[in-house]
Amino acid sequence: MTSLKFVFLFLLISFSASAQKDYKLWLQYNVVSNSSIASEYKNNLKEIVVLGNSETIKIAQKELQTAFQDMLGAIPEIKSDIKGENNLIVGSQSSLNAEIKKELKSDFDKINTEGFIIKTVFTKNKKQIVITGKNDVAVLYGVFSFLRILQTNKAIKNLDILDSPKTRIRILNHWDNLDRTVERGYAGFSLWNWQKLPDFIDQRYIDYARANASIGINGTVLTNVNANALILTPQYLEKVEALANVFRPYGIKVYLTARFSAPIEIGNLKTADPKDPEVINWWKNKAVEIYKRIPDFGGFLVKANSEGQPGPQNYGRDHVDGANMLADAVTPFGGVIMWRAFVYSEHDANDRAKQAYSEFQPYDGKFKDNVIVQVKNGAIDFQPREPFHPLFGAMPKTPLMMEFQITQEYLGFSTHLIFLPKLFQEVLESDTYEKGKGSTVAKVVDGTLHQNKLTGIAGVANIGNDLNWTGHPFAQANWYGFGRLVWNPYLDSEIIADEWLRSTFSNDENFVKPVKKMMIESREAVVNYMTPLGLHHIMDTGHHYGPGPWVSNLSRPEWNPTYYHKADKNGIGFDRSKTGTNATAQYMPEVEKLFDNLETCPEKDLLWFHHVSWDYKLKNGQTLWNGLALKYQEGVDQVKEMQNVWKKTEKYIDSERFHEVGMLLEIQYKEAKWWRDACLLYFQQFSGKGLPKGVEKPTQTLDYFKSLKFPFAPGNG
Ligand code: GCW
């Protein structure tokens, strides 16, 4: 009995120890094993001088204490005034003494209100390290950045870091419903426990805010864009207020989705017409009510007249009318409206990829100053690879916000390992040529191309109440990487992977080097086994889990995979060139020419823009059919290689995460083969050709793959 008890206790302890590791995300604060680095820090951190006593500064202090205790085994003494030397001084600009202020004067001129300074300074010949910014939240960002330097075991000699976020709204979009299901969520239920709010503050809310602050995220939309008006009732606003109070000291503003028909549904009005005085008034009063509770409320995110959501068009008005009406309501309080451009209509026979541009481009310059148009990554829908959305590069007089999808709706859910910053980087680096060469998407969204003040990047969150937050341990890297990239859209994804691995797992080079390579290559692996050479939207319908290139029976043509690949006896691909839908004309002439011409169109986008014959010769000399088949095989082989890499990591990390990732990679491998076999068997019906050498033979029939059904696939509402 005693021994049984002991075993149980042991299991409990070891379970919670590793479960905590998963939970701690990239803030593991592992012991610094490199002794010269450890002593360098200890020598430079005799005392921590904390200036100020706001909630935010207290959070910064606690973070430093936790981190130093965990990483260096001791906490330097905390003081509130500067004496001696080799101290770490933490406080905002106004709290610094005159000498340090003077020393940092020109640095302060170079940072924006959220930027920070981490600098070794000498005053009266005494050396100090100062972490500062123009306000306390900026100081907190500086603290997390300093701790990242320590976590990644970097030296701190002569620190001289000035870092300001390049975008203003750095925000997560939660597609969380009030019943706690999460649309396209693969990590459990929603974090927001509406039933227990406002009185019960789950520790998770605090941990969520801390994690976001550590990567510079400063906003969160709590609710699904497929919105429920109830969130705007007093009963729910009280709960939203409680969350806003938790997030505020972490620099995070709360935003909500506004259901356009709310004035009817919860306001007893007969209409939601944006030109109706009663409707206008209703929203104005609603804003007053919200801001009374939450003075720093961020504003509204709106999906209108898209996929059945109500909107201004229901009343013969347009997107500008709707957005501007809401903008007026929040203007007195400094709020913003993020109005989504994700529109396409079943009544529009045009290529779906063209519709958002056709509808929104003519609105350029017509929105109020506090409206930002949120454009999805990709004119179709968050595919494993899409050419950049043509609206980027076409609305010089309108602030445009990028919407990335962090949750893996079309990318194998939280089961497949794919490092998304690589995908995000590819898009941000794309050249729109809007103002000549070098007019990258990054410059459009960070406002430098058109000197926009209102800028932002949104990410559809992959977070749920799973113990490890994101379902897959490596999906945490996508949350992390999103935050890092929205802070600085020019950051290399390899640097992000490096930081994340060191902070999350280990600084051992033998671990970091191969696993980093694995992460970087994972994006292309997924493209290869799902949608190589520009194929897109051939996932099974509804849930989008697994392949379904055969699906053709849905009511809306553009919901059918057959609409996108257009495979027939002659070939495969969607002709969006001049000979087809002419979607290429939505890009600037340089880009249009590049995509339009079969010779110059990058092969990675080939079937996005062109319908080509099965015998078309690829650059490597292979026929299209053979090349396609080999790409699918390559994707499978890449996952096998990911497994090989992972198997060698056992001695560097905890066994729980080692096994979790191992099991997930095994599923990914199985599913990569499923994708390859199902797609090739299906397309083979049209090409009529055999599989080239090197491509494994399918072990199941096409009918078998077609028969697979997943009625309870997660995230599908
Ligand atoms: O990608 C599609 C998703 C929907 C989603 C919609 C959108 C929130 O399948 O689940 O709805 O896009 O972005 O509005």
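Read the figures in this text as sums done on the coordinates, not as results from a lab. Bear in mind the structure is a predicted one, so any value in this text is a computation, not a measurement. When we count neighbours, we look across all protein chains shown, and the Cβ atoms used for this are built from the backbone with ideal geometry, even at glycine.
In the chain, taking the dipole from charged Cβ atoms about the Cα centre, the farthest positive-side position among Leu485, Ser707, Ser92 is held by Ser92. Under the combined filter of DSSP loop state and at most 14 neighbouring Cβ atoms within 10 Å, region 492-585 retains these trypsin sites (Lys or Arg not before Pro): Lys569, Lys578. Evaluated with a Cβ-only charge set (Lys, Arg +1; Asp, Glu -1), the chain carries a dipole of roughly 1060 debye about its Cα centre, given to the nearest 20. Where the centroid of each part is defined by its Cα atoms, how far is region 156-219 from region 41-60 in Å? Here the two parts' Cα centres lie 24 Å apart.
3J(HN,Hα) along region 454-460, derived from phi through the Karplus expression 6.51 cos²θ - 1.76 cosθ + 1.60 where θ = phi - 60°, amounts to 8, 9, x, 9, 10, x, 6 Hz, with x in place of Gly and Pro. Loop-located trypsin sites (Lys or Arg not before Pro) in region 586-655 (DSSP state not H, G, I, E or B) with no more than 14 neighbouring Cβ atoms inside 10 Å: Lys619, Lys648. Summary of the geometry: region 265-304 and region 322-401, compared by the centres of their Cα atoms, lie 21 Å apart. Using a cutoff of 8 angstrom between alpha carbon atoms and counting only pairs six or more residues apart, the relative contact order for the chain works out to 12 percent. Provide the net charge surrounding Arg576, with neighbours chosen by a C-beta distance below 11 Å and charges set as Lys +1, Arg +1, Asp -1, Glu -1. Taking every Cβ under 11 Å from that of Arg576, the sum is -1.
Considering only beta bridges that DSSP places wholly inside the chain, some 30 percent are antiparallel. In terms of its alpha-carbon gyration tensor, region 169-504 comes out oblate; a/c meets the 1.5 threshold, while b/c is at least as large as a/b. For region 248-310, trypsin sites (Lys or Arg not before Pro) meeting the loop criterion (DSSP other than H, G, I, E, B) and having at most 13 other Cβ atoms within 10 Å: Lys270.
Relative to its residue count, the chain spans a Cα convex hull of 180 Å³ per residue.
In this rough spin-label picture, where each label sits 7 Å from Cα along the Cβ direction, the Lys670-Ile75 distance is 4.7 nm.
Taking amide H as placed 1.01 Å from N in the peptide plane, the amide H of Gly219 sits under 5 Å from that of Arg170, Leu172, Lys253, each at least 5 places away or on another chain. Protection proxy ranking, highest mean first, for peptides 354-361, 710-717: 354-361, 710-717, where packing is the per-residue count of other beta-carbon atoms within 10 Å, averaged.
Here's how it looks for Met401: its modeled amide H is under 5 Å from those of Val373, Gln374, Val375, which are all 5 or more places away or on a different chain. Mean residue ellipticity, 222 nm, helices only, the chain: the sum of -39500 (n - 2.57) across DSSP H runs of n ≥ 4, divided by residue count and rounded to 500, is -12500 deg cm²/dmol. With the convex hull drawn around the C-alpha atoms of region 23-163, the volume per residue stands at 102 Å³. In the structure shown, the pairs Lys154/Lys453; Lys516/Lys670; Lys101/Lys435 are assessed against 31 Å; a Cα-Cα span above that value is assigned to Lys154/Lys453; Lys101/Lys435. Taking a straight Cα-Cα cut-off under 17 Å and skipping sequence neighbours fewer than 8 places away in the same chain, the lysines within cross-link reach of Lys292 are Lys239, Lys253, Lys284.
Among the DSSP helices (H) of the chain, those spanning at least 20 angstrom by Cα along their long axis with an average Kyte-Doolittle hydropathy of 0.5 or more are 2-23, 136-151; this is a geometric and hydropathy rule only. Only one residue of Leu467, His319, Met530 has its Cα farthest out toward the positive end of the dipole of the chain, where Lys and Arg carry +1 and Asp and Glu -1 on Cβ, and that residue is Leu467.
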